[in-house]
Structures are given as structure tokens and as C-alpha cells.
Amino acid sequence: MTTVRRKTPAATVQKKILLTGFDAFGGATLNPSWLAVQALKGRQMLGHRVVAAQLPTVFDASLRELNTLLLQHRPALVVCVGQAGGRGALSLERVAINVNDAPIADNAGAQPVDTPVVRRAPAAYFTGLPIKAMRAALQREGIAAEVSQTAGTFVCNHVFYGLMRTLATKRELRHTRGGFVHVPWLPEQGTPHMALDDIVRGLRVALRCALLVQEDQALGAGATN
């Protein structure tokens, strides 16, 4: 007897948002990026379901895991989230650069210096998110936010660059938009900081804006240094 497999109607296929955070690193016992992402797992947002995943703070392994998730879920939107100690606002990253230059070892003990994220690839990729509009939306809600001109040269930038490279080169992901957001420490980690509830609320505002705004606004958010 032959089993007939029926295709799921396109209208019933649920759209997804992929959110990723990192595990703790550098001797810390927690990472606010993962705590905030985990809090949004399963939420519905403008017809999209949030899928949350934790990436290891490890060069190469983090990108392998991310690429697996991207091909598994084929999300409409993907936002990778990382911790940026010393920043007091949600940092909407503008550009990822093709360099690893680790100030500390990752969680597997690797500390690459002046190596490319991807060999023979472009020097940089810009975000696919409407970061100016997202910043404005966050500030209207009273949440500290900034456009950042650097995602560093540690695992966060590694993942950001790898994400944008994958979205630019994988045909099956050509309709996926993506980018990176850094979040501050929690109060128990040091100063400056932001409460976890505010980080979670901020991510919700940012994601909603990213879904609604297709073409970014021409708003000043540059830096002199």
C-alpha cells in the first residue's frame, strides 16, 4: 500500500523569528543575552513565532550551530543577541567585520588573533535590520538605545559576520533579514547595567519594529569616535 504524503498548505506554515543568545563566558555565571532571549521563547509577534536558541561562546562552533538553525527554521527574521559589558543601552549593531582578534579565550580555550571569520570573503557586511527606526522606537518607549559602529572582534562579531555572510550567499535564505543587538550587563554584574525586564521589553519593541519597517529611516545616529 502506497502512503500519500500531503503537502502542508503554504497558508498554514508558521512564520518564525529566530533569536539567539550566548552562554556565560569569561568566568561569569550568567549571560543576559540568553536570559532575555529565553524569556521570549514561544511568543507570538505579528503572526510570527519566536524560536530561541543558545549559542556557545566559541569561535567556529557558534557559527556551525547558527547555520544549522537557519537552515532548519528558515526564519523571516533572525536577531543574534550578545552581552556588551560597559555599555548602558541596547546597542543596535551597524557593521560586522571579517576579523577575529580575541582579547580573552573563548569557552573552548581558543584565542585567535588577526584571523578572518571567513577566508577570501568581503571585509565587512552591514546589518539587514532597520536600526535607525528601531532606535527611535526604543527611545519612544523610554528604553536606552544606540546605533553601534562596532560589534567588537570577539565571538559576537564572529557570529554577526557569519550570519550576514550566510544570508548573503544562501539562496534558500534570500528572504531572511538579520542582524545583531548587544545588551548591557544586569545590575548584579556591574555598572552600567539594565534590568532584565527592560532588556526583554526592549527586544520585543525592536523585533516588532524590524517586522514592520522594510526601509530604514534616515535619522542621525553616527559617532565622532
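3J(HN,Hα) along segment 120-133: 6, 10, x, 5, 7, 10, 8, 4, x, 9, x, 5, 5, 5 Hz, from the Karplus curve 6.51 cos²θ - 1.76 cosθ + 1.60 with θ = phi - 60°, whole Hz, x for Gly and Pro. Helical runs (DSSP H, four residues minimum) scored at -39500 (n - 2.57) apiece and divided by the length of the chain put the mean residue ellipticity at 222 nm at -9000 deg cm²/dmol. Ranking Asp23, Asp114 by solvent-accessible area of protein heavy atoms (1.4 Å probe, all protein chains present), from largest to smallest, gives Asp114, Asp23.
From Cα pairs below 8 angstrom and at least 6 apart in sequence, can you work out the relative contact order of segment 67-174, rounded to a whole percent? Result for segment 67-174 is 37 percent. Each label was represented as a point 7 Å from its Cα along the Cα-to-Cβ direction; for Ala124 and Glu141 these points are 2.8 nm apart.
In terms of Cα atoms, the Rg and Dmax of segment 103-225 work out to 16.1, 43 Å. Based on C-alpha pairs under 8 angstrom that are at least 6 apart in sequence, the chain has a relative contact order of 25 percent. Ranked by the mean number of other Cβ atoms within 10 Å of their residues, highest first, the peptides 140-147, 215-222, 202-209 fall in the order 202-209, 140-147, 215-222. Evaluating 6.51 cos²θ - 1.76 cosθ + 1.60 at θ = phi - 60° for every residue in segment 177-187, the Karplus couplings come out as 9, x, x, 9, 10, 9, 10, x, 4, 7, x Hz, glycine and proline recorded as x.
Taking packing as the residue-averaged number of other Cβ atoms within 10 angstrom, the listed peptides 77-88, 32-43, 169-180 run from highest to lowest as 77-88, 32-43, 169-180.
Only the Cβ atoms of Lys and Arg (+1) and of Asp and Glu (-1) were treated as charged; on that basis the dipole of segment 71-225 about its Cα centre amounts to roughly 660 debye. With contacts taken as Cα pairs under 8 Å at a separation of at least 6 residues, segment 127-225 carries a relative contact order of 45 percent. Here the accessible area of the chain is 50 percent carbon and sulfur, with a 1.4 angstrom probe and all protein chains present.
What is the sum of charges, Lys and Arg at +1 and Asp and Glu at -1, for the other residues whose Cβ falls under 9 Å from the Cβ of Leu77? Value of the local net charge: +3.
Averaged over its residues, segment 58-163 has an accessible area of 40 Å² per residue, based on protein heavy atoms and a 1.4 Å probe.
When segment 78-207 is described by a simple charge dipole with +1 on each Lys and Arg Cβ and -1 on each Asp and Glu Cβ, the residue from Asn157, Ala105, Ala89 located farthest towards its positive end is Asn157. A full extension of the chain between Thr29 and Ile104 corresponds to an added length of 25.4 nm, given 0.36 nm per residue minus the alpha carbon distance.
The amide H of Lys15, built 1.01 Å from its N in the peptide plane, has Arg49 as neighbours under 5 Å, considering only residues 5 or more places off or on other chains.
The values are calculated or read from the model by the stated rules, or taken from the named source; none is laboratory data. As the structure is a prediction and not an experimental result, all values here were calculated from the model. Reconstructed Cβ throughout: ideal geometry from the backbone, glycine too, with neighbour counts over all protein chains shown. SASA here: full protein model, heavy atoms, side chains in, ligands and nucleic acids out. Shrake-Rupley method; radii C 1.70, N 1.55, O 1.52, S 1.80 Å.
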